[in-house]
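For reference, the structure is listed below as structure tokens.
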Amino acid sequence: MTDDRFASTVTTTCGYCGVGCRLEAHARDDRIASITPALDGPANAGHTCLKGRFAHQFARKRDRLTTPLIREERGGVPRPASWEEALERVATELLRIRAQHGPDAIAGLASSRATNEDCYAMQRLMRAAIGTNNVDNCSRVCHSPTSYALRKSLGLSGATGSFADFDRADATILIGANPTEGHPVVGARIKQASLRGMRLVTIDPRRIELADYGVLHLAPRPGTNAAVMLGIAHVLARDGLVDRDFVQTRTEGFDALLELLPRYPPEAVEEIAGVPAADVERAAHVYGEARDACISWGLGVTEHKYGSEVVQLICDVALMCGKVGRPGSALLPLRGQNNVQGSSDMGALPDTYTAYRSVADEAVARSFEDAWGVPLSRAKGWTIPQMFDAAVAGELRAMYIVGEDVAQTDPNTAHVVHALESLDFLVVQEIFENETTRYADVILPAASFLEKAGTFTNAERRVQLVAPAIEPPGEAKTDFEIVKLVSHALGHELPWATPAEAMDEIAALTPDWAGVSHARLGRTGLQWPVAPDGTDAPILYEREFALPGGRARFAALPYKAPGDHADAEFPLILVTGRRLQHYNAGTMTRRTANVELVDRDVLEIHPDDAARLWIADGDVVSLRSRTGRIEIAAHVTDRIEAGHVFTTFHFPETRTNLLVGASSDVNTSCPEYKVVAVDVRPIGERASKTPALA
Amino acid sequence: MTRVAVDGVEVEVAPGATVLDAARAAGRWVPTLCFDARQDPFGACRVCLVGAAGADRPIPACTTPARDGLAVDTTDATARRVARAVVELVLSELPQAPAPHTELAQVAERLGVGEPRWPGETHAPRPADTPHPYLAFRHELCISCGRCVRACDELQGTFALTATGRGFHANVAAGLDQGFRESACVACGACADTCPTGAIDEVSLLSPPPAALERPAEVSSSDTRAGRSPAIDGGSG
């Protein structure tokens, strides 16, 4: 269609959530004039949400970082600097610290909002230019348990199918996710499938919108997902809903699970999780009796002390029924950020190179040493929480953080700030000043997703092209350019002129990405693994699993109590999450007209609890946990179960994460954001102050 | 597979495909107005009529299943005459010509429909709803094609839009006609994306108003909250 309202239109991939909507970005006068959905986007099929479509004004806000900044003294006001001076300062400080304390005194964070090529460049910088495996990304605090569990149970760290499987499934279990808010386009897709007759079972402490479209809603107490999945497995085994043939020919370890299951009859699950026994039975039958069925989950499963074990139990349920590896039967984790799948795929993790190959694997490490021409460490690096602990302990001296506002989004804010203040040197690469840049010695101005080229990998393992629609403002540069300049200043050349050339190196060094190239990705992308001839993999495990012997592994894991619990002093359980109108730390969405729709975080509380505590809708309340205290306005709603409260972390003045303690997933140290015992009481006045930090 | 001849060109389409699918597969243009490939066929506007061998009158391409051996003529004189008449009648109800980028304007141009010959009553502009930061409603441009209602139902699943009124007064309402802001609308924009006339449009694209609008002042000043340009930096928050 001809449209003279716009000077240019490029097709790109949305930079908000992990759905991976393909967008047409229309520009005029070097501004985004409008964004519309690409009709041929595989994940969005001509649809978007209000973030992807409308929340683009942040790109030209006046407070964008447009020049490097240097802060000469802690707490001082940073001054503008030239790129030459800023890069010189970064290189001098990092090289000084490395000389004095060794390479492992430096750590880097790649960004799950950045491209695959940015993340690959960042991990190469940390490994080759600095010489440490201290590199991580924010999947640590969201879906690292999913990655761990899928690798343990099935072999590969990714969804086994595609969103299109929802369209073909007869039933779906959705657990610990609220996709109509967090992943709106997939939420709409699940809703449409339900309206067409897919039998949807929702499992969440909140009565999420999709519960109204399902056949059954289970509201377990936070932290008891394991008991619910074990109860479902119990009923599947008891009532003859096991696919014996599949279990026998394609899996191992089922007997150990069978031995465990007698401990979890529906009545026992009702006792632990507060879910009626009959509902557990019905959920099992809806899933087990369907010809094809999916299980989908989000951070309500992973952000727990035993989150990774629950994902393994989800895999158990699917394997018992043989519902994996064919159209309409898939395991579909709803990955959080636009490139949280890709940043981990790219090896921006302290223990793996690309495609989750161990840094201790001699052959793999040698292949990277040969390509990069430097010796590489075989020792695992620190995870994000370990980095903060190490900083406080004085073992970590410098950090280079790309695009992550750890001071707002990571748990235990006071500890994070203490860690940042303990560093000798902090470089932050960002598009806006934020809570974390307050502690930075050097701030490097980066480009947003609308201003750069590369690829994002969505929650379907689909690698899709990102194309610049407008120029970065002022002197801001793309993350790819900046990481290359920093690496050059540190004495290690990153030899690629363009992100496409970086992708060629990734493909050459990563068998599962062998056939990926920018030219091949085209308009609809490719789902890894991609064979050298370009054949991709919409469905994994059609014939065998990616584990030794080709067999999937059952995990026999008992229910264990969460890391926090309600008691006399802290009688309610706080769950934190997101809202439709804002995205995580809100760095982008708070700078758009989305704030006209939602302008603050509120605390959802059940009418019964509110009445008992003398709290009226709109009252400011004190919210106190074992770790911290904040003040926030209450919103009385029966979307939340009695005994629980819910809030978001979109607005920095709320400081929600002051409340979240150090408890984390036993296997991956993903924080337990979803179970925080709190005390709520009215304070009868407006919030008096933003809480001071350590 | 089903074999269909479109203007003499043989094409194969999958079972369940429509005559419109076949015409598009053959690379032939069929005008449409109430059709959006993202939605189930609706068949309300009759702009997509084509001639069919053996049929005594034109058939709607978007709702007619393609059957084996069918021969259709996309340039059938009767079909085209009806399509032009429909588009001209639709245009005659609007207080101003639709902007050139809109689907209605483009279909009219390609069909050779110019200034409507019927100068009767046109839709009167309505007072604006409570302003929404992104979505603007200009009810007087609504042609009741139902695409926005179906986008909200079939693509998004929010059911915030409803068809209202009858005949000349047929229109669309958000919620109980209190506007987007007070309705269940989640601002996904699917309605604006499918609207063929700009009756539902992005606020930022109205300001400054497109030059093609003849009477922009009274419409856009209320809908976009005069003096403010929401999509431009510093405009809000």
> Can you tell me which residue in segment A:538-554 is surrounded by the fewest Cβ atoms within 10 Å (Cβ to Cβ), limited to those that are of a type in the set (K, R) and in a loop (DSSP other than H, G, I, E, B)?
Replying inline: A:R543
>> For segment A:555-583: of the residues being among the hydroxyl-bearing types (S, T, Y) and in a loop (DSSP other than H, G, I, E, B), which is nearest to the chain's Cα centre (by Cα)?
In response: A:Y583
> Between a first residue in segment A:593-605 that is away from chain B (no Cβ under 11 Å) and a second residue that is part of a helix (DSSP H, G or I), which pairs have beta carbons less than 8 Å apart while being 6 or more apart in sequence or on different chains?
Replying inline: A:D601/A:T656
>> Could you tell me how many of the residues in segment B:36-90 are under 22 Å from B:G167 (Cβ atoms) and of a type in the set (D, E)?
In response: 1
> Could you count how many residues in segment B:153-171 are under 23 Å from A:R53 (Cα atoms) and out of contact with any helix residue (DSSP H, G or I) (no Cβ under 6 Å at 6 or more places or on another chain)?
Replying inline: 3
> Would it be correct to say that A:A38 is more than 8 Å from chain B (Cβ to nearest Cβ) and closer than 21 Å to B:P133 by Cβ?
Replying inline: no
> How many residues does segment A:126-149 hold that are among the hydrophobic types (A, V, I, L, M, F, W, C) and over 25 Å from A:T409 (Cα atoms)?
Replying inline: 3
>> For segment A:199-218, which positions are under 18 Å from A:I314 (Cα atoms) and buried (at least 22 other Cβ atoms within 10 Å of the Cβ)?
In response: A:L200, A:V201, A:T202, A:I203, A:D204, A:P205, A:L218
> Among the residues of segment A:466-507, how many are surrounded by 21 or more Cβ atoms within 10 Å (Cβ to Cβ), aliphatic (A, V, I, L, M) and in a helix (DSSP H, G or I)?
Replying inline: 6
>> Checking the condition at the interface with chain B (Cβ under 10 Å from one of its Cβ atoms), small (G, A, S) and buried (at least 23 other Cβ atoms within 10 Å of the Cβ), which residue from A:A55, A:A45 passes?
In response: A:A55
> Within segment B:178-195, how many residues are without any contact (Cβ under 8 Å) to a residue 40 or more places away in the chain and surrounded by fewer than 20 Cβ atoms within 10 Å (Cβ to Cβ)?
Replying inline: 1
> Residues of segment A:244-280 being part of a helix (DSSP H, G or I), of a type in the set (V, I, T) and within 33 Å of the chain's Cα centre (by Cα), which ones?
Replying inline: A:V247, A:V269, A:I272, A:V280
> Restricting the first residue to segment A:76-96 and requiring it to be over 13 Å from A:I443 (Cα atoms), which pairs with a second residue that is of a type in the set (A, V, I, L, M) and not in a helix (DSSP H, G or I) meet a Cβ separation below 7 Å and a spacing of at least six or different chains?
Replying inline: A:A91/A:L490; A:E93/A:A398; A:L94/A:I106; A:L94/A:A398; A:L94/A:L490; A:L95/A:L490
>> Against the condition surrounded by fewer than 16 Cβ atoms within 10 Å (Cβ to Cβ), modelled with pLDDT of 90 or more and either more than 10 Å from chain A (Cβ to nearest Cβ) or touching a Leu at 6+ places or on another chain (Cβ under 9 Å) (or both), how does B:F168 come out, does it pass?
In response: yes
>> If A:V186 satisfies all but one of (1) buried (at least 24 other Cβ atoms within 10 Å of the Cβ); (2) within 23 Å of A:R291 (Cβ to Cβ); (3) within 14 Å of chain B (Cβ to nearest Cβ); (4) out of contact with any Pro (no Cβ under 8 Å at 6 or more places or on another chain), what's the number of the condition it fails?
In response: (4)
> What number of residues within segment A:516-534 are closer than 15 Å to A:L465 by Cα, touching an Asp or Glu at 6+ places or on another chain (Cβ under 8 Å) and not hydroxyl-bearing (S, T, Y)?
Replying inline: 4
> Restricting attention to segment A:62-72, does a residue exist that is basic (K, R), in a strand (DSSP E or B) and within 11 Å of chain B (Cβ to nearest Cβ)?
Replying inline: yes
>> Cβ contacts < 6 Å: first residue farther than 15 Å from A:E303 by Cα, restricted to segment A:553-566; second residue of a type outside the set (D, E, K, R) and part of a loop (DSSP other than H, G, I, E, B), any location; separation 6+ or different chain. Result?
In response: A:R553/A:G253; A:F554/A:G253
> Can you find a residue in segment B:154-162 that is among the charged types (D, E, K, R) and away from chain A (no Cβ under 14 Å)?
Replying inline: no
>> Suppose we keep only residues that are of a type in the set (V, I, T) and over 25 Å from A:C14 (Cβ atoms) within segment A:203-225. Which one would you say is nearest to the other protein chains (Cβ to nearest Cβ)?
In response: A:V215
> Would you call B:T197 modelled with pLDDT of 95 or more, part of a loop (DSSP other than H, G, I, E, B) and within 18 Å of the chain's Cα centre (by Cα)?
Replying inline: yes
>> It is to be established whether one or more residues within segment A:227-243 are more than 14 Å from chain B (Cβ to nearest Cβ), within 22 Å of A:V645 (Cα to Cα) and part of a helix (DSSP H, G or I).
In response: yes
>> Looking for something on the phi > 0 side of the Ramachandran plot, outside any helix (DSSP H, G or I) and crowded, with 22+ Cβ neighbours inside 10 Å - is there at least one such residue anywhere in segment A:343-350?
In response: yes
> Can we say A:L87 is at pLDDT 95 or above, out of contact with any Phe, Trp or Tyr (no Cβ under 8 Å at 6 or more places or on another chain) and not β-branched (V, I, T)?
Replying inline: yes
> What's the number of the condition A:D136 fails, among (1) closer than 30 Å to A:V483 by Cα; (2) at pLDDT below 95; (3) touching a strand residue (DSSP E or B) at 6+ places or on another chain (Cβ under 8 Å); (4) not aromatic (F, W, Y)?
Replying inline: (2)
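The values are calculated or read from the model by the stated rules, or taken from the named source; none is laboratory data. No experiment lies behind these values; they were computed from the predicted model shown. FYI the Cβ positions are ideal-geometry reconstructions off the backbone, even for glycines, and counts take in every protein chain you see.
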